[in-house]
Amino acid sequence: MCGIVAYIGEKNAYPILIKGLQRLEYRGYDSAGVALLNGKLNIYKRKGKVSDLIDFVGENNVDGTIGIGHTRWATHGKPDDVNAHPHISGNGRLTLIHNGIIENYALIKKALEVEGHTFNTETDTEVLVHLIEEIQTREKLTLEEAVRVALTKVVGAYAIVVLDKEDPNKLVAARKASPLVIGIDENGFLLASDATPIIEHTKKVVYLNDEEIATVRRDGTFEIRTIGANEIQTPFIHELEMQIERLEKGGYDYFMLKEIHEQPTTIQDAMRGRLNAVDSWIKLGGIEENLEKFKDAERLIIVACGTSWHSGLIAEYIFEDLARIPVEVEYASEFRYRNPVITDKDVVIAISQSGETADTLAALELAKQKGAMIYGIVNVVGSSIARLTDAGSYIHAGPEIGVASTKAFTGQVTLLTLMALSIAQKRGTISESYFKKLTQEMEQIPHKVARVLEKCNTQIEYISGEIKNANNALYLGRGYSFPVALEGALKLKEISYIHAEGYPAAEMKHGPIALIDENMPVIVIATNQSAYEKIVSNVQEVKARQGMVIAIVTEGEKEISKLADYSIEIPETEEPLTPLLSVIPMQLLSYHIAVMRGCNVDQPRNLAKSVTVE
Ligand code: G6P
């Protein structure tokens, strides 16, 4: 987490840094700061959001065509003005911004203290900038060489940019396990955690690789070396395809609402060119090129975190149901540390919106070492996971900025469904007629999602008003709807701070039923075609204990609608595809409740969108 941005060139750095930080705020927003060099070094940092930093800077001197900026998600040291970045070296010469964690900082700090260094903050970052200073002065090295030597002594993850007060004509940056992109503008360079601060200045970017160090200079030259071996690398210059409008709210109050409403388009985009229901084919480049691996896979292992893990659970149902391949879905953070059994007959699929989640990356690295083929389902083009995997598919949802994931989730589920269908067809585990039916129905999903958004929003807003003061909520579902229940509960927790749990409906009687009374809203996803009678019984069990039932049902459904306090009707579809529709009311419900409770929907407390620390 944390967002970093830096600029060197002919333009004024301050507005570029501030706009960049606003774009990166999804990565952390508990404090922010900038350092600008114009003869004198001016550092401004403040607890709170980038807007608080802007107020704090006010009319102060922000001149300078070189500068660095940071928006923080605290790991070491509480979020306050002092611990905010940039951090400065003991002699005041170097300033540094950092995303990541220096794991051995305590040891380095002790050694530096022996050398006479004193520290003003509780951060690991301040230790790093002191270490660079110590090496630079003691060994009389250039800045890039001092940074390089310092990084050979560091254990952990970092994306850093260093500014030297004595040299206003260059910036030095490096990365390991935290992302860093270099934008090459006609009149200068931008460096940032992702491409969003860069896109309005230039489309030409270089993605720094792990253990690389870059020097960018005011005269337009730059070079990249490896940290360990100190070899010069030939940078590959990518052309960005991102559209700037997709980074704006476009008339919506919140990015989350915009992203919810984008779903008919983003689901369509995830399928574009990949599905043809008329001729009964699905083509996914990554699958076609690795067909034998997928056909012969003895097991699929899905690793992911958060909402992406819920997409993985849906994939488990679909892959086992249609392609008859055993699937395990793992929290990446658990998988990486529990000595899992992985063989070269396994295919490991990582699902990640950002493509940067530290645990998912580490899980993939482990799987790769053990010989499994690794496949990525990723949204952010050029991200670390996308580059690490042997093959993969992008979901093409465009930038997702609201911290609570919505369109990335439906994009992931869409793509995983296409994958399962394609592999099922190739393995001969699905009849041609059912394949055709499902692909035809897939083509209808964007329209049906649009219908849910149009038809249900007002009703959901009303229901939100009725339950907005609840302290707890229970989400129930069976089969394909169980992961949707988990996702619904997560959405509510994340943005409205109401405690919520998702449960398989039948498991309710093994515990959660004890909590049900008239104050407990129970959201039941009851779109099942199979086991329908069983979910009716579960609803009855809740009603018998005076729970308030909000049921998501298929249009025209009668039985559950009669029992429920509120029933939200969604269009009928084939059962494996229902999550793509039933999750929409879950998203709207949590959105409206969060707005009514006065919560910051796009930037919920303590969370960050891209979790680049363990
Ligand atoms: C964070 C975000 C979630 C996301 C999860 C996994 O917790 O707030 O929205 O689902 O990370 O992120 P990824 O980028 O790997 O999908």
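Would you mind giving the average projected area, over all directions, of the Cα convex hull of segment 3-242 in nm² with one decimal? Mean projected area of the Cα convex hull: 11.5 nm².
Here is the list for segment 467-554: GluC sites (Glu not before Pro) lying in DSSP coil, each with at most 12 other C-beta atoms within 10 angstrom of its C-beta, are E518. The phi torsions of segment 598-614, fed into the Karplus equation with coefficients 6.51, -1.76 and 1.60 and a -60° offset, translate into couplings of x, 7, 7, 4, 7, 10, x, 4, 6, 9, 8, 7, 10, 9, 9, 10, 5 Hz, rounded to whole numbers, with Gly and Pro shown as x. Stretching the chain fully between R387 and H447 yields a gain of 18.3 nm (0.36 nm per residue, less the alpha carbon separation). Segment E289..E241, full-extension length gain: 14.9 nm, with 0.36 nm per residue of separation and the alpha-carbon distance subtracted. Taking segment 454-489 and a reference point 7 angstrom along Cα→Cβ of E507, the backbone N atoms nearer than 20 Å belong to 472-489. In this structure the amide hydrogen of V303, modeled in the peptide plane, comes within under 5 Å of the amide hydrogens of E330, I349, A350, I351, none closer than 5 places in sequence on its chain. Amide hydrogen proximity for E211: with H placed 1.01 Å from N in the peptide plane, the residues at 5 or more positions away or on another chain lying under 5 Å are R175, K176, A177.
With 22 Å as the limit, the listed pairs K293/K368; K109/K153; K258/K491; K153/K176; K78/K109; K407/K562 have K407/K562 beyond it between alpha carbons. Take the Cα of E466, go 7 Å toward its beta carbon, and the backbone nitrogen atoms of segment 521-546 under 20 Å from that spot belong to 521-527, 536-546.
The phi torsions of segment 290-298, fed into the Karplus equation with coefficients 6.51, -1.76 and 1.60 and a -60° offset, translate into couplings of 10, 3, 4, 4, 6, 5, 9, 4, 7 Hz, rounded to whole numbers, with Gly and Pro shown as x. Scaling the Cα radius of gyration of segment 193-350 by the globular reference 2.2 N^0.38 Å produces a ratio of 1.39. If R0 equals 51 Å, the separation of the Cβ atoms of D321 and E115 corresponds to a calculated FRET efficiency of about 0.20. Over all pairs of different C-alpha atoms, segment 135-237 has a mean inverse distance whose reciprocal, the Kirkwood radius, equals 13.9 Å. On the beta carbon distance between K78 and E432, with R0 = 45 Å, the FRET formula returns roughly 0.15. If R0 is 30 Å, the Cβ-Cβ spacing of E231 and A106 corresponds to a FRET efficiency of close to 0.45.
Model label sites at D344 and E59, defined 7 Å from Cα along the beta-carbon direction, differ in position by 7.1 nm.
Taking the DSSP bridge list for the chain and keeping only pairs wholly inside it, about 60 percent are antiparallel.
Taking amide H as placed 1.01 Å from N in the peptide plane, T554 has its amide H under 5 Å from the amide H of I570, each at least 5 places away in sequence or on another chain.
Counting other C-beta atoms within 10 Å, and keeping those with at most 10, which DSSP coil chymotrypsin sites (Phe, Trp or Tyr not before Pro) do you find in segment 194-271? Counting only loop positions with at most 10 other Cβ atoms within 10 Å, the chymotrypsin sites (Phe, Trp or Tyr not before Pro) in segment 194-271 are F236.
Extent of the chain along its three principal axes (Cα atoms, max minus min coordinate, largest first): 78, 53, 43 Å.
In segment 10-63, inverting the average of 1/r over every pair of distinct C-alpha atoms gives 11.4 Å as the Kirkwood radius. On the principal axes of its alpha carbon atoms, segment 341-466 extends 52, 40, 26 Å, with the longest extent given first. Applying a length cut-off of 27 Å (Cα extent along the axis) and a mean Kyte-Doolittle floor of -0.5 to the DSSP H helices of the chain leaves 407-427, 578-596. What the Cα convex hull of segment 255-596 gives, in volume per residue, is 125 Å³. Taken over segment 305-405, the convex hull of the Cα atoms encloses 97 Å³ per residue.
Restricting segment 326-402 to trypsin sites (Lys or Arg not before Pro) that sit in a DSSP loop and have at most 15 other Cβ atoms within 10 Å of their own Cβ leaves R338, K345, K370.
Any read-out appearing in this document is the output of simple, stated calculations on the displayed coordinates, not a laboratory observation. Keep in mind it's a predicted model, so treat the numbers as computed, not measured. Glycine gets a Cβ as well: all are built from the backbone with ideal geometry, and neighbour counts include every protein chain shown.
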